[in-house]
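In what follows, a single structure is set out as C-alpha cells and then discussed.
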Amino acid sequence: MTNELIAITLIWGFIFIYAVMATMDFGAGFWSMVYINQEKTKATNIANRYLSPTWEVTNVFIVAIVVALVSFFPGATFLLGTVLLVPGSIILLLLAIRSAFLVFAHITKEYEKALTYISGITGIIIPALLISVLPITHGEFIEMKNGTPALNISRLLTSPHEYAFIGFAISSTLFLSSLLLADYSNVADENDAYRIYRRDALILGPISLLMALFIMLTMQREATWLYEKMMNYLPWLIGSVLMFFVAGIALFLPSTKHKEMRGRPRLAVVAIVIQYFLASYAYGKAHLPYMIYPDVTIQSGFTHPNTFRALFASYIVGFLILFPGFVYFWRLFMKDQRYVRQKNEG
Amino acid sequence: MDDLVIARSLFGTTMAFHIIFATLGVGIPLMILFAELLYQKTKDRDYAVMAKRWTKGLAVLLGVAIPSGTIAGVQLSLLWPGFMEVIGKVMSLPFQIEIYAFFIEALFMSIYVYAADRISPAMRILSVTLIAIGASASAILITNVHAFEGTPAGFRIENGEIVDVDPWVAFFNPSFFVTAGHVVLSAFMTGAFVLASIAAYHMLRTKHHERVYRFHRKALMLSLTVGGIFSLLTALNGHESAQLLHKYQPEKLAAAEGLFETQSHAPLAIGGYTDRETESVKWAIEIPWALSFLAGNSFDTVVRGLNDFPKEWWPPLFVHTLFNAMVGIGFLLILLSIIGFVWNKIMKRPTFPHWLMWCFIAAGPLSVLGIEFGWIFACTGRQPWVIYRMMKTENAVTQTGNLATLFVLFVAVYIILSIAVVLVLRYYFRRHPVANDLEEKPNEGSLQM
Ligand code: HDD
Ligand code: HEM
Ligand code: HEM
C-alpha cells in the first residue's frame, strides 16, 4: 500500500466509526424527543442513558477527522476550507448549541423538556448537513469565480442528488439508531421500549434502502464518473443489500431471551453495520483517487513524507495508549448491567 | 470592512470565548484532584463534597469548552486555509497528539461523572488525574502550534515550496517549553482564583451558617494556596517568555514596551500609552535601565527598538497596554496571595477583613482578564505575520466572501451559550445548596455525581 492509501484508509476508518457513533447519537436525541411523553415505556430514558456518556467521545471523532484530513492532505485544505466555509460553519453552530444543551439538560432536570427538543431537532438537521459534504466532493457544485473556487449554493439546493443524500442521511440515522436502541433495551430488559424501537426500525429500514437506491439513480445522471466506477464494485453493493435482508429476517426470528417476543436485535445490528461497511467501501473505493473531483487527488494533496512518518508513528503509540481506555469505557457503559438496567435514571 | 479584518475578528472572538472555558477546563481538574487527595488523606467529607460540586460545575463548563473548541479547530481550517496548509505539512504532530489527549479526557470525564458510584476511590483518583493530564496536555499541545507561529522551525520555503521538513524540530521549536509552561501555569492559577472568588463570595453571604461557612473557608484556603503558588510561577516563567521575545521576536518586545530607539541601558515604561507621533510612551512611569536588565540579565544588553524595523512590520502599538495589564494583574495577584498568607499564617488571624474578602472575590475575574489580555497581546503582537517572517496573515485568509453574516451568527451563538451557561450554573447550585450535601449521610453512594 502506498502512504497515500494508508492515510486515506485511516481517514475512511475514522469517518466510518464516526458515522456509526454519530448516527446513534443524533438518532438517540431525536427518539428521546419523540417519546418524551411516553412515561411508562421508558423509551426516552433508554435513549438518554445511552446518549449521556457517549456524546463527548463521539465529538472527539469529528475533531479527529478534521485533524487527520488537514495533517495527511494539507493540499486539499485550501479547496475544502474554501468551499465548505458556509455549510461547515452552519454545522458548527448547530453542533455547538446541541452539545451544550445536551449537557445542560442532563444537569438541570426542569429544563429537560425544552432542551430535549433542541437536541432532537438538531439531531435531524446536522446529519443532513454533514452528508452534504459528499455530493460537494463530487465536483459539480464547485465553480471558479474571479479565479477562486466557490460553492454554487443555489445549484446545490436544486439538485436531486443532494436531496437523495439528505433523505438517506435522515432515514438511516433514524433506522440505525432505532435498531441500536432496540438492542440496548433488549439488553436492559425493557420490553416495552424494545417493542417500540423494533417497530420503528422495521418502518425505517425499507425507507433508507429506497433512499440509497435514489442516490444511485441521481448519481447516474449527476456524477456519472462516480456511478460508472461504483458499478465496478457491484458485488460489494449486492452483498450490502443481502446484509440488509439478513437484518430484516433477524428481526422476525424468535427471541432467544424472551419466549413471547420476536427478533434478535444484536444479530440485526451486526448485519446492518456490515451492510454499511460494504456499501461505504464500494463508494470510497470508487471515489479514489479523487478527494474533490476533478481538482484534488490523494496524491496531489498529500503531506510531506517526513511528516507522514512521524504522524504514523504517533498513531501507533496513541492507539496503544488509548485502547485500554476504550475497553474500560465500553465495559462500564455498554456491558455493566448496573448501568444499563438502572430503573429510574433521573 | 474587508474580509481579512472580519476573518481576524471572527477568529479572535472565537478564541476569546473558547479560552475562558478552556482555561477553567485545565485549571479546575487540578483543584478537583487536590480536593480528592485531601479527602483521602484527612477523611474530611467536606473535601469530597467540594470535589463533587466542582465536578458538576466543570461538567457544565466543558459543555461549552468542547463545542467552542470544536469550532476553533474547524474554523482554523475554514478561515486560514493557507496557514493550515503549512501546518499540515510541517506542524501537524501537536494537533494529532492533541486528539489522543482529548480522547483521554473525554473517556475519563465520562467515567468520573457517570460511573462515580460504581468505581473504587483509587479508580476515581486515577480518573481525575487522567482528566487533569488530558486537559493540560491538550493546552500544551495547542499552545505549541502558537509557539511555532512565533518561532517557526523545521522547514524552509524555497520558491514557494516547503522543503527540508523535520516535524520533530518543528515540534520542539525554540519557544515551545516556555510558552506552553506559561499557558498551563496561568491556567492553574486562574482555575484556583476563580474558585477562590466563589468561596469568598459565599463566605460573605453565609456568615451565620457556621457549617456552610466552614466549608467555604476550607475551599478558600485551598484555592488561595494553589493560586498563590501558581501566580508566582506564572510570573517567573513570564519573565522567561519576555526574554524569548527579546531573542526571537524583537519587534514584538519593542512594541510591548513602547521602545522606539535601539539602545543599551534601556528604560522600562510602565503604564501609559504608546504615541506614534512623538515616538514615546505618554504618561508612563519610567524605570531607568530596567528593560535591558529584564531582557538580558545585564544593564548593557542592547534592546532593539521599533525604528530598526520597516514600519509595515510593526505590530499595533496598543499591545503595550495589553502587556502592561497582564503583568499588572500578575503582580497584583501575587501581592494578594502574600497578604492573605501573612494575615492567616503569620499574624494568625482567624478571619479576613471585609476589604480583603472583596479583593479575593475580584481575583477570579482578574485572572480571566489576564488570560484574555495575554492572548490578544500574543496574537495581535505577531501581526502582520501569521508565521513569523514566513507567511503574512493576509496570505493565509480564505478567499470566500460573505464573512460578515457568519460573524454575526457566531457571535449570536456565543451570547446564547454564555447566557445559558450562567443560568444553568445558577439554577443547579441554587437547587442543590451546599447545606444539603453536607447533611447527607456519609456513605459511598452519596458521592454519586
Ligand atoms: C493570568 C494570566 C497571566 C498572568 C498573570 C501573566 N501572564 Fe503572560 N500570558 C498569559 C497569561 C498571563 C497567557 C494568556 O497565557 C499568554 C498568551 C500567550 C501565551 O503564550 O501565554 C501570555 C503571554 C505572555 C507573553 C508573550 C509570549 C509570546 O508572545 O509569545 C509574555 C512576554 C508574557 N506573557 C509575560 C508575562 C509576565 C512577565 C508576567 C508577569 C507577571 C505575566 N506574563 C503574567
Ligand atoms: C485561546 C486564546 C487566544 C486568543 C484570545 C487569541 C486571539 C486572537 C486574536 C485577537 C487574533 C486576531 C489578531 C489580529 O488580527 O490582530 C488572533 C489571530 C490568530 N490566532 Fe490567536 N488567540 C488565541 C489562541 C491561539 C492559539 C493557541 C493559536 C494557535 C493554534 C492561535 C492562532 C491564531 C491564528 C492562526 C490567527 C489568525 C492569523 C493572525 O491574525 O495572525 N491563536 N488570535
Ligand atoms: C491555549 C489555548 C487553549 C487551551 C488552554 C485549550 C484547552 C482546551 C480544553 C481544556 C478543552 C476541553 C477538552 C476536552 O474536554 O476534551 C478544549 C477543547 C477543544 N479545543 Fe481548546 N484550548 C486552547 C486553544 C484552542 C485552539 C487554538 C484550538 C483550535 C485550533 C482548540 C481546539 C479545541 C478543540 C477542537 C476542542 C474540542 C475537543 C473535543 O472534542 O473534546 N483549542 N480546549
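The values are calculated or read from the model by the stated rules, or taken from the named source; none is laboratory data. The shown structure was predicted, so the numbers you read here are calculated from the model rather than taken from an experiment. Here the Cβ is made from the backbone with ideal geometry for all residues, glycine too, and neighbour counts use every protein chain on show. Areas reflect the complete protein model, heavy atoms only, side chains present, ligands, DNA and RNA absent. Shrake-Rupley method; radii C 1.70, N 1.55, O 1.52, S 1.80 Å.
Laid out as a table, the results:
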{"quantity": "Positions within the stretch B:280-323 being of a type in the set (F, W, Y) and in contact (Cβ under 8 Å) with a residue 24 or more places away in the chain, in sequence order", "calculated": "B:W289, B:F299, B:F309, B:W313, B:W314, B:F318, B:F323"}
{"quantity": "Hits in the stretch A:68-92 - residues which are at the interface with chain B (Cβ under 7 Å from one of its Cβ atoms), open to solvent by less than 20 Å² (accessible area, probe 1.4 Å) and either at positive phi or out of contact with any Lys or Arg (no Cβ under 7 Å at 6 or more places or on another chain) (or both)", "calculated": "A:V70, A:S71, A:T77, A:G81, A:T82, A:L85, A:G88, A:S89, A:L92"}
{"quantity": "Given (1) within 16 Å of ligand 3 (Cβ to nearest atom); (2) open to solvent by less than 30 Å² (accessible area, probe 1.4 Å); (3) away from chain A (no Cβ under 14 Å), index of the condition B:V421 fails", "calculated": "(3)"}
{"quantity": "Any chance B:E85 is over 25 Å from B:E36 (Cβ atoms) and among the charged types (D, E, K, R)", "calculated": "yes"}
{"quantity": "Scan of the stretch B:159-180 for residues that are farther than 18 Å from B:W385 by Cα and more than 20 Å from the chain's Cα centre (by Cα), ordered by number", "calculated": "B:N159, B:E161, B:V163, B:D164, B:V165, B:D166, B:P167, B:W168, B:V169, B:F171, B:F172"}
{"quantity": "Residue check for B:V411: within 14 Å of chain A (Cβ to nearest Cβ), within 25 Å of the chain's Cα centre (by Cα) and open to solvent by less than 30 Å² (accessible area, probe 1.4 Å)", "calculated": "no"}
{"quantity": "Residue list for the stretch A:156-166, restricted to those being open to solvent by less than 20 Å² (accessible area, probe 1.4 Å) and closer than 20 Å to A:I203 by Cβ", "calculated": "A:A164"}
{"quantity": "Filter pass, B:Q263 being farther than 29 Å from B:F341 by Cα, open to solvent by 30 Å² or more (accessible area, probe 1.4 Å) and in contact with a strand residue (DSSP E or B) (Cβ under 7 Å, 6 or more places away or on another chain)", "calculated": "yes"}
{"quantity": "From the options B:Q383, B:Q399, residue that is farther than 25 Å from B:G63 by Cβ and more than 10 Å from chain A (Cβ to nearest Cβ)", "calculated": "B:Q383"}
{"quantity": "Criterion (of a type in the set (A, V, I, L, M) and under 18 Å from the mean Cα position of the chain (by Cα)) met by exactly one of B:A72, B:A51, B:A59", "calculated": "B:A72"}
{"quantity": "Sole residue being within 16 Å of ligand 3 (Cβ to nearest atom), within 30 Å of A:T58 (Cβ to Cβ) and within 10 Å of chain A (Cβ to nearest Cβ), chosen from B:A180, B:A106", "calculated": "B:A106"}
{"quantity": "Some residue of the stretch A:61-69 being β-branched (V, I, T) and touching a residue at least 60 places away in the same chain (Cβ under 8 Å)", "calculated": "no"}
{"quantity": "Candidate set from the stretch B:289-335 (those that are assigned to a loop (DSSP other than H, G, I, E, B) and open to solvent by 70 Å² or more (accessible area, probe 1.4 Å)); member that is farthest from ligand 1 (Cβ to nearest atom)", "calculated": "B:D300"}
{"quantity": "Condition check for A:T297: out of contact with any helix residue (DSSP H, G or I) (no Cβ under 8 Å at 6 or more places or on another chain), open to solvent by less than 80 Å² (accessible area, probe 1.4 Å) and at pLDDT below 90", "calculated": "yes"}
{"quantity": "Any hit, the stretch B:99-112, residues being away from ligand 1 (no atom under 16 Å from the Cβ), of a type outside the set (A, V, I, L, M, F, W, C), touching a residue at least 40 places away in the same chain (Cβ under 8 Å) and more than 26 Å from B:S231 (Cβ to Cβ)", "calculated": "yes"}
{"quantity": "Sole residue being away from ligand 1 (no atom under 16 Å from the Cβ), at pLDDT below 90 and within 25 Å of A:L95 (Cα to Cα), chosen from B:L409, B:L438, B:L403, B:L425", "calculated": "B:L403"}
{"quantity": "Identity of the residue in the stretch B:261-288, under 27 Å from the mean Cα position of the chain (by Cα) and assigned to a strand (DSSP E or B), that ends up farthest from B:L306 (Cα to Cα)", "calculated": "B:I270"}
{"quantity": "First in the stretch B:244-273 and within 15 Å of B:V327 (Cα to Cα) and away from every other protein chain (no Cβ under 14 Å), second anywhere and open to solvent by 10 Å² or more (accessible area, probe 1.4 Å) and within 16 Å of ligand 3 (Cβ to nearest atom), Cβ under 8 Å, 6 or more apart", "calculated": "B:A256/B:F377"}
{"quantity": "Pairs with Cβ under 6 Å, 6+ apart, first in the stretch B:58-78 and more than 8 Å from chain A (Cβ to nearest Cβ) and among the hydrophobic types (A, V, I, L, M, F, W, C), second assigned to a helix (DSSP H, G or I) and more than 13 Å from ligand 2 (Cβ to nearest atom)", "calculated": "B:L58/B:I28"}
{"quantity": "The stretch B:299-337, subset under 17 Å from B:L245 (Cβ atoms) and hydroxyl-bearing (S, T, Y), residue modelled with the lowest pLDDT", "calculated": "B:T301"}
{"quantity": "Pair list, Cβ under 8 Å, 6 or more apart: the stretch A:311-334 residue under 20 Å from A:I6 (Cα atoms) and within 9 Å of chain B (Cβ to nearest Cβ), other residue surrounded by 15 or more Cβ atoms within 10 Å (Cβ to Cβ) and of a type in the set (V, I, T)", "calculated": "A:L311/A:T303; A:S314/B:I97; A:G318/B:I97; A:G318/B:I99"}
{"quantity": "Helices (runs of 4 or more DSSP H) lying entirely in the stretch A:145-250 (those with 2 or more residues that are touching a residue at least 60 places away in the same chain (Cβ under 8 Å))", "calculated": "A:160-187, A:191-222, A:224-231"}
{"quantity": "Qualifying residue in the stretch B:218-233 (condition: open to solvent by less than 30 Å² (accessible area, probe 1.4 Å), β-branched (V, I, T) and over 30 Å from B:A266 (Cβ atoms))", "calculated": "yes"}
{"quantity": "Candidates B:A122, B:A147, B:A116, B:A187 - the one that is modelled with pLDDT of 95 or more and either surrounded by fewer than 23 Cβ atoms within 10 Å (Cβ to Cβ) or over 22 Å from A:E56 (Cβ atoms) (or both)", "calculated": "B:A147"}
{"quantity": "Filter result for the condition that a residue is among the hydrophobic types (A, V, I, L, M, F, W, C), away from ligand 3 (no atom under 16 Å from the Cβ) and within 14 Å of B:W54 (Cα to Cα), over B:A235, B:A219, B:A200, B:A192", "calculated": "B:A219"}
{"quantity": "Only one of B:A16, B:A7, B:A35 that is more than 10 Å from ligand 3 (Cβ to nearest atom), open to solvent by less than 10 Å² (accessible area, probe 1.4 Å) and away from chain A (no Cβ under 14 Å)", "calculated": "B:A35"}
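Listed here are the residues, each with its yes/no results for (1) at pLDDT 85 or above; (2) buried (at least 24 other Cβ atoms within 10 Å of the Cβ); (3) more than 7 Å from chain B (Cβ to nearest Cβ).
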{"site": "A:A114", "(1), (2), (3)": "no, no, yes"}
{"site": "A:I118", "(1), (2), (3)": "yes, no, yes"}
{"site": "A:G123", "(1), (2), (3)": "yes, yes, yes"}
{"site": "A:I131", "(1), (2), (3)": "yes, no, yes"}
